[in-house]
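A quick write-up on the structure given underneath.
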Amino acid sequence: MPDPLHKAKKIRGRGKDYELRFKTSQWAENLLIEGLNDAELLVVRLGLSAIGEKNIIEIQDPSIKVPDLLIFARADLSEADIAKLPRDLSLLPADILSSAEYVTLVGKARAAIEVEFSPYKASQMAGRSWVIHTEEKMAKRLLKHAKPPTAPNIWIKEEDLSRLKKWERSFKVPIVVVHVFDEEAFAIPLEKIYEFDSAYTARDEEGKRKLQLGGGIFKKLQTYDRVDAQGAREQKWVFVVSPATAWFAGKVQNVIVEAQLDISASKKYIAHPIFKGGNFELADDFVSQLLQLKLR
């Protein structure tokens, strides 16, 4: 079995904007850890969890993306297993993480979670109540373009899909992407994205529109600007999953939002929202959905 946890290397981060967004992502991860850890589940951090001096970060083999969190059913673990599982596995030395013992232990997880966060007020987004187009509706009038609604959508970069899939297949642990907003969180198993992408690739242009509008998952080319580097932008293919087809993971409550001002490497002022506090109230069926996941 290939070992995704062993090939780590150090690279320089993308500046202040990256650092601030990283801290916000950590806040979202902590919400999920606190919300999911209970008598039935044990949640530990697995992916990148720290930035060193001068934004030096340690990443894994670039062909693999390690998910952020591991979800264990406590009933699957012995007392010895639980004693070996720290709250943050990413802090363990690489030689320990790559040992057969820890590879086996990670493989006992029921699911892994890749956490995304966007600073939007979910309930007030214009397309929050968007619904999937029925066959009858599309037969009457099929839109010329399949555009995702302006809603608390789950976003997944195509470049990350194969990297996450490689980790998933190595450990045989299904990955779920959970996208957190300041009021709600939504989830989608990666398996659903693989299925969508396979069907999307096989269809003509009209079929692609019908697939997206009738399924609530979209594929588009997105432009990303780097606020910490003047004139820097790039385009990436992304999958956009609307709330109409995603799992509802839970409510986010009692969040404190503040602003932080910094100066980028190019000496540009950068304002960034900082999220603090809050608690995650799980949707009634989210835990059962996680525990029932299986890879095909």
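The values are calculated or read from the model by the stated rules, or taken from the named source; none is laboratory data. This structure is a prediction, so every number in the text was calculated from the model and none was measured. So basically every Cβ, Gly included, is an ideal-geometry build from the backbone, and we count neighbours across all protein chains shown.
Quick look at the numbers
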{"read-out": "Residue list for region 111-124, filter: surrounded by fewer than 19 Cβ atoms within 10 Å (Cβ to Cβ) and either under 25 Å from Ala75 (Cα atoms) or out of contact with any strand residue (DSSP E or B) (no Cβ under 8 Å at 6 or more places or on another chain) (or both)", "value": "Tyr120, Lys121, Gln124"}
{"read-out": "Conditions (1) closer than 17 Å to Lys219 by Cα; (2) within 19 Å of the chain's Cα centre (by Cα); number of the one not met by Tyr120", "value": "(1)"}
{"read-out": "Qualifying residue in region 257-273 (condition: within 30 Å of Arg169 (Cα to Cα) and either in a strand (DSSP E or B) or among the β-branched types (Val, Ile, Thr) (or both))", "value": "no"}
{"read-out": "Residue list for region 259-278, restricted to those being over 30 Å from Gln289 (Cα atoms) and at pLDDT 90 or above", "value": "none"}
{"read-out": "Evaluation of Gly207 against (1) surrounded by 14 or more Cβ atoms within 10 Å (Cβ to Cβ); (2) farther than 27 Å from Asp285 by Cα; (3) modelled with pLDDT of 95 or more (one fails), failing number", "value": "(1)"}
{"read-out": "Test result for Leu295, modelled with pLDDT under 85, surrounded by 11 or more Cβ atoms within 10 Å (Cβ to Cβ) and either closer than 30 Å to Gly107 by Cβ or within 20 Å of the chain's Cα centre (by Cα) (or both)", "value": "yes"}
{"read-out": "Pro174 farther than 19 Å from Leu36 by Cβ, in contact with a strand residue (DSSP E or B) (Cβ under 6 Å, 6 or more places away or on another chain), touching a residue at least 60 places away in the same chain (Cβ under 8 Å) and not aliphatic (A, V, I, L, M)", "value": "no"}
